[in-house]
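All remarks here apply to the structure that follows.
The values are calculated or read from the model by the stated rules, or taken from the named source; none is laboratory data. This one's a predicted model, so the numbers in the text were calculated from it and none came from an experiment. Note that each Cβ is placed from the backbone with ideal geometry, even for glycine, and that neighbours are counted across all protein chains shown.
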Amino acid sequence: MEFDLAALLPFIAVGFAAQAVDGALGMAFGVISNTLLVGVLGVPPAHASQRVHVVECFTTATSGLSHLLHGNVDKALFFKLLVPGMVGGAAGAYVLTSLDAEVVKPFVLVYLSAIGLMLLWRGLKYPPQAKPAKVVAPLGLLGGFLDAAGGGGWGPVVTSNLLIQGADPRRVVGTVNAVEFFLTLTISATFIYHLGFADLAGATLGLLIGGLAAAPLGAWAAKHIPAKPMLVMVGVVLTATSAFGVWKAWG
């Protein structure tokens, strides 16, 4: 099979940028990638979600390993999120055909926009003081469910809420990225079986190449960016992407 490298370059760039942001801040790969596939290429939402999850099987593996090597993973938090996240993901995939996610999604995005503004305010006004998060398992369950049923939500829901509780930003981002690999495998197993390797052509291949290249960079950035600007950046990214989603849904 022949590939047009010139046609792939824009998608490689988008995959690189999306994964660099996701690896450093714990969110946005799915949002950026889905926006490109659906909004620019006109790919049906269900097919776009399938392709992005296939790509994430590879990017989350690379990103999770990179975060582990950089010491960004909190083992206790990892295991508290792991099982609830996988259960939520499996449940979300199971009900996907009967749940009208397009009706629910705008309300989730409004909520995430508010969380983003809270994080932005907290980062600008108060130096963050790290403390253990108390509510973890329910976040994993909800984040996994929304990621599968609503086409995204693991990073925005879990990362943002753990940061609101005062958890260490570097460890939150690294741990959420590491758990996401297992979540993505749970959601994507049937997609990989049905799509095969041929579906990696075109946009999906470009996103995959760019995402894999950027994964180590995101882990390095998460380790070296101070906590306060990281909170501000998470707030800006979450607010902007969620507000854009609301505008597209209700505009």
| Restricting attention to the stretch 16-53, which residues are at pLDDT 75 or above and more than 28 Å from MET230 (Cα to Cα)? | ARG51
| For residues in the stretch 133-150 being in contact with a Lys or Arg (Cβ under 8 Å, 6 or more places away or on another chain) and surrounded by fewer than 24 Cβ atoms within 10 Å (Cβ to Cβ), which is nearest to VAL31 (Cα to Cα)? | GLY150
| request: Can you run down the residue pairs with Cβ atoms below 7 Å, 6 or more apart or on separate chains, where the first is in the stretch 51-69 and small (Gly, Ala, Ser) and the partner is surrounded by fewer than 24 Cβ atoms within 10 Å (Cβ to Cβ)? | output: ALA61/PHE181; GLY64/PHE181; SER66/PRO216
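Using the structure shown, decide if LEU120 is within 22 Å of MET233 (Cα to Cα), over 17 Å from the mean Cα position of the chain (by Cα), modelled with pLDDT of 75 or more and crowded, with 19+ Cβ neighbours inside 10 Å. Reasoning before the result, please.
Details: within 22 Å of MET233 (Cα to Cα): yes; over 17 Å from the mean Cα position of the chain (by Cα): yes; modelled with pLDDT of 75 or more: yes; crowded, with 19+ Cβ neighbours inside 10 Å: yes.
Yes: the conditions hold for LEU120.
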| Does the stretch 59-72 contain any residue that is within 15 Å of the chain's Cα centre (by Cα) and surrounded by fewer than 20 Cβ atoms within 10 Å (Cβ to Cβ)? | yes
| note | LEU112 vs (1) at pLDDT 70 or above; (2) buried (at least 20 other Cβ atoms within 10 Å of the Cβ); (3) within 27 Å of SER188 (Cβ to Cβ): all pass except (1)
| task | Could you tell me whether PRO127 is at pLDDT below 75, surrounded by fewer than 18 Cβ atoms within 10 Å (Cβ to Cβ) and out of contact with any Phe, Trp or Tyr (no Cβ under 7 Å at 6 or more places or on another chain)? | result | yes
